[in-house]
Amino acid sequence: MSLTFSHTHQQGNGTTEVVAVLFAIIDERPAVLTVDAGKLLPNGPLMPLHRSLQAGVRQWVEEQTGQMLGYIEQLYTFVDTNRRGADGHATIYVSYLGLLQEAAIAQPVTATSDGSSSTANRDKGAALPEHLPTTEQLTEDNRVQWRCWYDFFPWEDQLNPKSDTIIQVIIQQLQNWANRANSVEETTTRERRIQLCWGQHHEAEHTAQRDEQAAQQPQKTPTNWVAEHALLRYEMLYEAGLIPESPDFLPSTLPAELQPDWQNITGIPMYYDHRRVIVTAIARLRAKIEYRPLIFGLMPEEFTLSQLQHSVEALTGEALHKQNFRRLLIHQDLLEPTGRLYSPKRGRPAKLYRYKFDVGMHSILMASKLPKK
């Protein structure tokens, strides 16, 4: 099948579709439910038999994946100008975000025995859990998969020791894009956007084309990495033509040494704008867990404080300060001990806690930002 990621493919020609982004935490790694061997999210056209958009998304998810849905919320409405119906109208799809506990996953995906993940796990650089398959492990029979969301956005995982190298390579290509701007002013604007989106990893450079006045302008101090800027970073890569979904993507223009490994740097592409839908959901979830207890919609009924911290870190892609995180939990009074202990294979037993449901899902989780290291 000759298919580009920025244009339509053989499935679906409806005017309005629903798309589901379902997140879970599997072995302390953030995962998203995909279909079509990881190339699509669960989706389908809105039909007259659907009483509502939510009814439509629930039907398509259950039909395509066998997964029953609990709580979901509407995300955004997107217009895909690359897909048009017989009447010439662009396809509109309404996206939904759903959260699932690992215990509620209908059919955990089991990877084949061959192949290994290139994504490093926390601290040890180990492979991902084997039921989060890698690209090498995909088969035609393995269509419905829970995939680690950092497979699609490698640069977002600040816990990965390789992230600094990945981001530096991306920033260099973005700098080349900034240098190709039509004016000094546009180059400066692009560079400042790179600073804001990509944080402390970026050091602005002057180009030979700048006039003396522009060259003398003081450079702003790069801002810190902001996890909630995930969508802005993806959209910049799209605008710069650095990902396959972009109509301006030309892999032949990349340096020859980068071309074989470019997907490892910019992630696995998807059909339509589904990768953009995922990163939109990531940005929303990262923003909301700062002030709402959504994390407990992903946790098991009982958990240790370390498991809770590792799960939050997995979602944000950033390390948290252990003592400050625990003080914050105590101050917010969101947890209660179960009286039971978790006994790991190594180390001392740890207390198990559960979420105080009487606090309510709409109560404030954090009085301040998460305590980053």
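Every number here is computed from the coordinates shown, using simple stated rules; none is lab data. Quantities reported herein were computed from a predicted structural model and do not represent experimental measurements. Note that each Cβ is placed from the backbone with ideal geometry, even for glycine, and that neighbours are counted across all protein chains shown.
Taking 0.36 nm per residue of separation and subtracting the current Cα-Cα distance, fully stretching the chain between residue 79 and residue 182 would add 34.2 nm. List the residues of region 284-320 whose backbone N lies under 18 Å from a point placed 7 Å from the Cα of residue 373 along the Cα-to-Cβ direction. Answer for this model: 305-320. Model label points for residue 351 and residue 164, set 7 angstrom from Cα along the Cα-to-Cβ axis, are 3.7 nm apart. Comparing Cα centroids, region 312-328 and region 29-82 end up 31 angstrom apart. Multiplying the residue separation of residue 304 and residue 15 by 0.36 nm and removing their Cα-Cα distance gives an extension gain of 99.4 nm. Annotation for residue 291 and residue 261: the two label points, set 7 Å from Cα along the Cα-Cβ direction, are 4.1 nm apart.
Full extension of the chain between residue 321 and residue 248 yields a length gain of 22.2 nm, computed as 0.36 nm times the residue separation minus the alpha carbon distance.
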